[in-house]
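Worksheet for the structure shown next.
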Amino acid sequence: MALGFFVGAGLGVAGAVMQAIFRNPMASPYILGLSSGASLGAAIGMLFVIPFIPTLVSVPLLAFIFCVGTMFLVYSLSRVGSAVSMETLLLSGIAVGALLQAMVSLLTYMAGDRLEDLVFWGMGSISGADWSEIALVAALVIFGSFVMMSHAKEINAMMMGDAHAMDLGVNVRNTRLILLFASSLVTAAAVCFAGVIGFVGLIIPHILRILVGPDNRSLLPLCMLGGGTYIIACDYVAHIITPNLGILPIGIITALIGAPYFIYLLRRKKSGVGW
Amino acid sequence: MMDIKNLSFDYRDKIVLDQIDFSIKDGEILGILGPNGCGKTTLLGNLNRNLRPKIGCVLMGEKDLEDLKKKEIAREIAVIPQTNEVRFSFTVKEVVAMGRMPFQDSFAGESGRDLEIIENAMDRVGISEFTERFINTMSGGERQRVIIARALAQTPKILLMDEPTLHLDISAQFDVLNLIHDLSRKEKLTVVIVSHDLPMAARYCDRVMLIHNHRIHALGKTEDVLTPENMRTVFNVEADLVKDSKTGRNLVRLFDSCTNSEKST
């Protein structure tokens with residue numbers, strides 16, 4: 001439960017920040033390939049033991065490194081000169097994400113006797129965490145979210161456009177870099193202990209933006225709360241649906257509920273309302 | 001107010017601005033005019049350090065912009081950027097409140113003084129009636145007013161405007177520039193307008209600067225600079241400037257493009 005809360009909180013806040021700084025409603029750790037990058041790092045960390053470094057450290061560390069790497073790969077693929085094409089950003093995010101996901105599947109396939117664990121983790125699961133893991137996730141998520149919240153006003157300005165933000169005194173390049181690092185950190189923390197959980201980072205910010213407006217000073221804390229609550233609720237649903245089947249991976253439930261809502265959002269956007 | 005000293009700028013060895021040297025005087029409306037692609041928007045970027053000059057410097061009072069933080073610059077210089085399309089549903093008041101950002105710490109909200117300045121800014125541009133409307137549902141002219149109010153909330157000494165009339169209806173163009181003209185006269189606000197809109201610039205600017213081939217072609221009082229020869233060279237149009245008897249303002253009469261008039265003679 002506690003792990004689920006921090007995982008959801010992290011994904012929610014990271015999604016809100018990405019949608020804001022890329023000014024794109026589709027941006028999220030999942031769509032931009034960050035989750036896949038982090039999960040490849042985590043999978044490598046789980047399968048190959050690095051001497052002298054405990055897996056509690058090596059798994060999140062590798063997840064973070066791969067996550068940041070993916071972020072910059074996707075970002076630089078979509079950059080022409082100093083301008084970033086938002087269409088290309090999404091497309092390269094999806095392409096790179098698919099490639100990395102395939103590598104994770106390949107690793108899973110080759111994992112042999114540890115197959116079952118990896119498969120289960122890969123579908124997103126918040127069960128079976130011990131307290132040291134929970135503490136680590138909590139610390140990383142809280143730290144990353146704090147960094148993002150301390151830039152809430154700058155993020156607001158960047159939502160108006162990079163030129164506007166610069167004119168309001170924001171050092172856009174540095175701020176964006178800091179925010180991308182912070183969201184990578186939070187995503188990596190969430191993924192390496194809970195696997196790839198889609199749609200939380202996409203949908204929670206959208207719902208809350210409709211409810212409380214786009215001001216990140218209130219939106220970001222609410223996304224933490226909302227994301228955390230959403231995961232716990234999905235976990236509850238998972239327990240109710242399948243009391244006898246063992247625990248259903250939570251990634252399945254978040255997508256089962258989240259995907260239809262996402263489709264609804266797409267339809268609504270077509271009718272020309274802002275977000 | 002500001003001195004631009006021997007400023008040159010290039011993008012990957014392509015010269016955009018070449019030895020630009022001029023001063024912006026206190027309380028004036030200065031028009032920087034030139035055809036598209038002449039480097040005028042780049043010049044504007046250099047004036048508030050969104051871009052950094054390759055050679056030369058920009059002085060604000062005694063201080064080199066290079067020695068100031070971006071936040072410090074934003075306390076003195078406000079900008080109305082060319083595009084103001086917003087996809088997020090910020091309210092008018094939230095957008096205007098962003099003008100106080102350069103004065104706030106990261107977690108601080110608006111102080112009583114901030115709120116006073118914000119109200120006052122919305123009042124001066126006449127948007128107090130719709131503070132709770134969403135910016136993404138407004139017309140181009142209304143959005144422009146909101147951004148002007150945001151700029152005023154920065155309590156700037158200098159206002160830079162990039163093509164303020166570009167996306168506006170004719171009547172909205174007059175409204176926005178009348179507003180700016182009033183502010184400049186009543187509050188001694190210094191305004192720099194970058195534009196290729198000759199008639200509007202002639203009407204509202206005290207001085208204009210023409211940029212041609214990345215250099216200053218002419219600089220001075222509007223009626224001295226916008227001569228038929230200068231407009232022909234820089235804009236490739238046959239035009240002249242007269243005092244309009246009805247309004248008493250400068251009126252640019254555009255006759256034809258030079259290309260076409262050469263053909264017909």
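Any read-out appearing in this document is the output of simple, stated calculations on the displayed coordinates, not a laboratory observation. Predicted model, so just to flag it, every value in this text is computed and none were measured. Note that we place each Cβ from the backbone using ideal geometry, even for glycine, and neighbour counts take in every protein chain shown.
The relative contact order of chain A comes to 34 percent, based on Cα pairs under 8 Å that sit 6 or more residues apart. Placing dummy labels 7 Å off each Cα toward the beta-carbon, the span from residue B:23 to residue B:68 is 1.8 nm. Round to a whole angstrom and tell me the spacing of the C-alpha centers of the range A:130-199 and the range B:1-67. The range A:130-199 and the range B:1-67 have Cα centres separated by 35 Å. Counting Cβ atoms of other protein chains within 10 Å of each Cβ in B:97-104 and taking the mean gives 4.
For residue B:257, the amide hydrogen comes within under 5 Å of the amide hydrogens of B:238, counting only partners 5 or more places away or on other chains and with H modelled in the peptide plane. Projected over every direction and averaged, the convex hull enclosing the alpha-carbon atoms of the protein assembly as shown yields 30.2 nm².
Neighbouring Cβ atoms from other chains, within 10 Å of the Cβ of residues in A:214-222, number 2 on average.
Classify the range B:30-163 as rounded, prolate or oblate from the Cα gyration tensor: take a ≥ b ≥ c as the square roots of its eigenvalues, call it rounded if a/c is under 1.5, otherwise prolate when a/b beats b/c and oblate if not. Judged from the Cα gyration tensor, the range B:30-163 comes out oblate (a/c at least 1.5, b/c at or above a/b). Each residue of the range B:216-230 was assigned a 3J(HN,Hα) from its phi angle through the Karplus expression (A = 6.51, B = -1.76, C = 1.60, θ = phi - 60°), giving 6, 8, 7, 8, x, 4, 3, 5, 7, 8, 7, 8, x, 5, 4 Hz with x at Gly and Pro.
Please work out the FRET efficiency for the pair residue A:49 and residue A:85, using the Cβ-Cβ distance as r and a Förster radius of 56 Å; give the result to the nearest 0.05. That pair, residue A:49 with residue A:85, gives E of 0.85.
Derived scalar couplings between HN and Hα for the range B:106-114 equal 4, 9, 6, x, 7, 7, x, 5, 4 Hz in order, rounded to whole Hz, by the Karplus curve 6.51 cos²θ - 1.76 cosθ + 1.60 (θ = phi - 60°), x for Gly and Pro. Which entries in B:5/B:25; A:153/B:186; B:40/B:186; B:40/B:243 show an alpha-carbon gap greater than 20 Å? Checking Cα-Cα distances, A:153/B:186; B:40/B:186; B:40/B:243 exceed 20 Å.
I want to verify the translational diffusion coefficient of the range B:2-264 in µm²/s; compute it with Stokes-Einstein, Rh as the Kirkwood radius over Cα pairs, at 37 °C and 0.692 mPa s. For the chosen part, D equals 169 µm²/s.
Computed from phi, the 3J(HN,Hα) profile of the range A:201-211 under the Karplus parametrisation 6.51, -1.76, 1.60 (θ = phi - 60°) reads x, 8, 8, 4, x, 5, 4, 6, 5, 5, 6 Hz, with x in place of Gly and Pro. Judged by the ratio a/c of the largest to the smallest principal axis of the C-alpha gyration tensor, the range B:52-113 counts as oblate, that ratio being 1.5 or greater while a/b is no larger than b/c. Using the average count of surrounding beta-carbon atoms within 10 Å as a protection proxy, the listed peptides A:166-172, A:217-223, B:217-223, B:257-263 rank, highest first, as A:166-172, A:217-223, B:217-223, B:257-263. Axis of helix B:140-153 versus longest Cα principal axis of chain B: the two differ by about 60°, to the nearest ten degrees. Extending 7 Å from the Cα toward the beta-carbon at both residue B:261 and residue B:123 defines two label points whose distance is 5.0 nm. Shape class for chain A: prolate, because the ratio a/c of the largest to smallest gyration tensor axis (alpha-carbon atoms, square roots of eigenvalues) is 1.5 or more and a/b beats b/c. Using alpha carbons only, how many degrees (0 to 90, rounded to 10) separate the axis of helix A:131-150 from the longest principal axis of chain A? The two axes meet at around 0 degrees. Amide H contacts under 5 Å for residue B:212: B:217, restricted to partners 5 or more places along the chain or on a different chain, H placed in the peptide plane at 1.01 Å from N. Between residue A:102 and residue A:178, the C-beta separation translates, for a Förster distance of 22 Å, into a calculated FRET efficiency of about 0.10. Peptide A:153-164 has a mean shielding of 6, counted as Cβ atoms of other protein chains within 10 Å of each residue's Cβ.
With a simple spin-label model that places each label point 7 Å from the Cα along the Cα-to-Cβ direction, the separation between residue A:256 and residue B:174 comes to 6.5 nm. Legend: calculated FRET efficiency, residue B:108 to residue B:251, from the Cβ-Cβ distance at R0 = 41 Å, rounded to 0.05, equals 0.25.
Here the protein assembly as shown carries DSSP beta bridges of which approximately 60% are antiparallel, counting only pairs with both residues inside.
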